[in-house]
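Enquirer: Quick one: the structure is below, questions incoming.
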Amino acid sequence: MCCAELIKANTCIFIDAGSTYLAMAEYIPSDLELTIVTNSPQIASLLSAN
């Protein structure tokens, strides 16, 4: 099981900076209703492209 599968819809999560978190962010479904806060420009860029 991927840790991204544990994220529930309609929640707010914080994703810290780092290569492991960047890899995890790639598995978050783009159709999941979710608020994500991050201090990583790379993760923000990845998620805003979805």
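The values are calculated or read from the model by the stated rules, or taken from the named source; none is laboratory data. Nothing here was measured: the structure is a model prediction, and the numbers come from that model. We place every Cβ from the backbone using ideal geometry, glycine too, and count neighbours over all the protein chains shown. Ligands, DNA and RNA are excluded from the accessible area calculation, which covers all protein heavy atoms including side chains. Shrake-Rupley method; radii C 1.70, N 1.55, O 1.52, S 1.80 Å.
Enquirer: Compute the accessible area per residue over the chain, keeping the other protein chains in place, probe 1.4 Å, unit Å².
Expert: Values: 3600 Å² over 50 residues.
Computed with neighbouring chains in place, this is 72 Å² per residue.
Enquirer: How large is ³J(HN,Hα), in whole Hz, for each residue of the range 16-28 in order, when computed from phi with the Karplus curve 6.51 cos²θ - 1.76 cosθ + 1.60 and θ = phi - 60°, using x for Gly and Pro?
Expert: So the Karplus estimates, Gly and Pro as x, are 6, 6, x, 5, 5, 5, 5, 4, 5, 4, 5, 9, 6 Hz.
Enquirer: Could you list which residues have their amide H under 5 Å from that of ALA17, counting only those 5 or more apart in sequence or on another chain, with H placed in the peptide plane?
Expert: For ALA17, the qualifying residues are ASN39.
Enquirer: Mind listing the phi-derived Karplus ³J(HN,Hα) values for the range 37-42, rounded to whole Hz, using 6.51, -1.76 and 1.60 with θ = phi - 60°, and x for any glycine or proline?
Expert: Here the 3J(HN,Hα) series is 10, 8, 9, 10, x, 5 Hz.
Enquirer: Along Cα→Cβ, 7 Å out, is where each label goes; now give me the distance between the ones at SER30 and SER45 in nm to one decimal.
Expert: 1.7
Enquirer: Between LEU34 and residues 5 or more places away or on another chain, which pairs have amide H atoms under 5 Å apart, with H built 1.01 Å from N, and which residues are they?
Expert: ASN10
Enquirer: Can you give the direction-averaged projected area of the convex hull of the alpha-carbon atoms in the chain, in nm²?
Expert: If you wrap the Cα atoms of the chain in a convex hull and average its projections, you get 3.1 nm².
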